[in-house]
Amino acid sequence: MTIEHRTTIEQRRPVEPTRGFTGRARAADRDPRLPPGQYDAADGWPVLSAEVTPELSPAEWTFRVDGLVTSPRTWTWDDAHELPASEYRGDIHCVTSWSKFGVRFGGASLDAFLAAAGPRPEATHVVAYSHTGYTTNLPLADVTGGKAWIVWEYGDGPLPPEHGGPARLIVPHLYFWKSVKWVAGLRLLDHDEPGFWEQNGYHHRGNPWREERYSGD
Ligand SMILES: Nc1nc2c(c(=O)[nH]1)N[C@H]1C(S)=C(S)[C@@H](COP(=O)(O)O)O[C@H]1N2
Ligand SMILES: [Mo]
């Protein structure tokens, strides 16, 4: 993952939709589901990857939880599918300014994985990482309590490879760069450890409603 590649990708900032002669949407016209500075991508779903889509079959995919846990564990595709099914229906928001409303992702709640591993009391943060080397940091509180999922379905079908299939993390209440594609695991830590984008100027938390896009926002 080179700087040039990263820059190219996040510079693909979509053009604001045309809003007529006033050039500005009236507050009353604005969809309340749209966080500040975002636009509705409607039927589109941009692919944003810092790496080439890996060839990763379900049989090769694994998900590990380790670090500050009592029982470090690795799940295979079949193991993960034995967990209670859980889905997210709602909106997603990318820092490059597109949002998508009412999407469905199916998989298992991250709570189910964490419960099996048993976070130690000292654990405050996690680093989530992919099979390709992408990383992102999150407070443990942002991935517990029904706020994060490991998903392998989009709509009624399998999650497409370019969107992180066989399986990805989703943390939909934060900007989508936290939602690691081709997710490989979660390491629990007693401190915050900036990931790939966070080391390159992105905000450590990324709350779209507070427009926490870049460090200092
Ligand atoms: N492994 C990996 N996960 C990733 C990324 C990436 O480059 N690699 N990009 C992130 C960013 S910046 C965004 S906006 C979303 C994009 O997801 P999408 O391509 O399915 O829209 O994935 C996030 N997860
Ligand atoms: Mo992004």
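Here are the numbers:
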| item | result |
| --- | --- |
| Residue 141 being under 30 Å from residue 32 (Cβ atoms) and away from ligand 2 (no atom under 16 Å from the Cβ) | yes |
| Search result, residues across region 40-55 that are away from ligand 2 (no atom under 14 Å from the Cβ) and either under 21 Å from residue 212 (Cα atoms) or assigned to a strand (DSSP E or B) (or both) | 40 |
| Residues being of a type outside the set (Phe, Trp, Tyr) and under 18 Å from the mean Cα position of the chain (by Cα) - total across region 41-79 | 14 |
| Some residue of region 119-139 being among the aliphatic types (A, V, I, L, M), within 22 Å of residue 70 (Cβ to Cβ) and open to solvent by 40 Å² or more (accessible area, probe 1.4 Å) | no |
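Each row is one residue, and each column tells you yes or no for (1) near ligand 1 (Cβ under 10 Å from one of its atoms); (2) on the phi > 0 side of the Ramachandran plot.
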site	(1), (2)
123	no, no
130	yes, no
135	yes, no
148	no, no
157	no, no
164	yes, yes
168	yes, no
187	no, no
190	no, no
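The values are calculated or read from the model by the stated rules, or taken from the named source; none is laboratory data. Keep in mind that this is a model prediction, so the values were computed, not measured. With ideal geometry, Cβ positions are generated from the backbone for all residues, glycine too; neighbour counts draw on all protein chains shown. These accessible areas exclude ligands, DNA and RNA; they are computed on the full protein's heavy atoms, side chains included. Shrake-Rupley method; radii C 1.70, N 1.55, O 1.52, S 1.80 Å.
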